[in-house]
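Following: one structure in structure tokens, then a few remarks.
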Amino acid sequence: MSATFAGIALQLVAIAFFVAMDTTIKLMTADYAVSQLIFARFAFHILFVALLLRVFTGPLPWRSRALGLQAARSLCRPRPTSCSPMPWPMCPWPTRRR
């Protein structure tokens, strides 16, 4: 298989997975809260990526060489989202008409 054909095939598979995931999430919003779906989606993706990293790179692929700098960056990250002007309950979530 040529590299061009492999690239096209991988792109088509990625688009198909995105469409399937997007459709599934939109259908599930009829029965579940959007915040629960967002949490479940990202929690599953984190576990899936961590498993793939473990399988392909070994036990500790994400160990930082600058642990203090990484910890400082991680502590500063929640600040922009927690200080946003619009709290979560007031966000205009799209609703599905029945």
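At a glance:
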quantity: Residue satisfying condition, being of a type in the set (A, V, I, L, M, F, W, C) and in contact (Cβ under 8 Å) with a residue 60 or more places away in the chain, within set ALA50, ALA6, ALA30; calculated: ALA30
quantity: Residue that is modelled with the lowest pLDDT, among those in region 41-98 that are within 24 Å of LEU27 (Cβ to Cβ) and of a type in the set (Phe, Trp, Tyr); calculated: TRP88
quantity: Subset of region 1-34 (residues that are among the aromatic types (Phe, Trp, Tyr) and either over 17 Å from HIS45 (Cα atoms) or in contact with an Asp or Glu (Cβ under 6 Å, 6 or more places away or on another chain) (or both)); calculated: PHE5, TYR32
quantity: Hey, ALA50 of a type in the set (A, V, I, L, M, F, W, C) and over 17 Å from the mean Cα position of the chain (by Cα) or not; calculated: no
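The values are calculated or read from the model by the stated rules, or taken from the named source; none is laboratory data. As the structure is a prediction and not an experimental result, all values here were calculated from the model. Ideal geometry is used to build each Cβ from the backbone, glycine not excepted, and the neighbour counts take in all protein chains shown.
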